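The values are calculated or read from the model by the stated rules, or taken from the named source; none is laboratory data. Note that the coordinates shown come from a computational prediction; the quantities given were computed from them, not determined experimentally. All Cβ positions, even for glycine, are placed from backbone atoms using ideal geometry, and neighbour counts span all protein chains on display.
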Amino acid sequence: MGFPKTQLLWKGETYLARLVRLLGGCSRVVVVLRQEAPVAGAQVVVNPDPERGMLSSLQLGMANAPGPVIFTPVDFGHVREETVHGLVAAYQGQPVFNPRFAGRRGHPTIISRETAQGLLAMPPTGNPKDLLRTLPPAWFDCDDPGVLRDVDDPEAYRQVVAEL
C-alpha cells in the first residue's frame, strides 16, 4: 500500500480506530502491530516477526484470551457497526462463526476458546484456514458487503471507498 493499512481512512476514522471502537464492547481489545504505538481503547502487542504470517499475529493477540475470540484483519475496516453487534449477539459457542453476505464468508470471525487453543498449537508460520476449514461452519447472514471488503492495494481501497 505504501503506508500502513491501519491508517487508511473510512468515514473520518482510521481503520484501526474504527475497528477498536466497534469491538469496544468486548471484555478486552488487543491490537497486534509491527511496532509499539499507542492505540486508544486497546492493549497493544508487538509482533517482532510479522513476516512469519498472519497466524503469528493472531496467536500473539489471543494468547491470554480466557474465552471466545473475535478477530479481523485491519483491512476489513468497512464492516458496519450493526453487523459487529449482531454477530456478537448471535454467537452461541460455535467453534467458528462468521458473517455471510451474498453466500460468501467474511470478517470479523468469532472462534471458541477450544478453536483458539487449536490455533495456538499450530506453528506460527501455518495458515489458520488449515484448521478453520475442518470445523463445521456457522453463519450470521447479513446485508453488509463490508464483511467481504479486503483492501490489499491502493486500487482496491479506491474502489471500496467509491462503492460503499
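How many residues does segment 84-117 contain that are among the aromatic types (Phe, Trp, Tyr) and under 13 Å from the mean Cα position of the chain (by Cα)? Please lay out each step first, then the result.
Within segment 84-117, the first condition is being among the aromatic types (Phe, Trp, Tyr), and the residues that meet it are 91, 97, 101.
Keeping just the survivors that are under 13 Å from the mean Cα position of the chain (by Cα) gives 97.
Here the count works out to 1.
Sort through 66, 124 and tell me the only one that's modelled with pLDDT under 95 and surrounded by 16 or more Cβ atoms within 10 Å (Cβ to Cβ). Lay out the reasoning, then the answer.
Values: 66 fails: surrounded by 16 or more Cβ atoms within 10 Å (Cβ to Cβ).
From the options 66, 124, the qualifying one is 124.
Go through segment 104-126 and report how many residues are farther than 20 Å from residue 149 by Cα, touching a helix residue (DSSP H, G or I) at 6+ places or on another chain (Cβ under 9 Å), not hydrophobic (A, V, I, L, M, F, W, C) and not in a helix (DSSP H, G or I).
Count: 4.
Pairs needed: first member in segment 67-81, touching a residue at least 40 places away in the same chain (Cβ under 8 Å); second member anywhere, assigned to a loop (DSSP other than H, G, I, E, B) and of a type in the set (Ser, Thr, Tyr); C-beta distance under 8 Å; at least 6 residues apart or different chains.
Filtered contacts from segment 67-81: 67/27; 68/91; 68/112; 79/72.
Within segment 70-103, can you find the residues that are touching a His at 6+ places or on another chain (Cβ under 9 Å) and part of a strand (DSSP E or B)?
Once the filter is applied, which keeps residues that are touching a His at 6+ places or on another chain (Cβ under 9 Å) and part of a strand (DSSP E or B), segment 70-103 yields 71, 98, 99.
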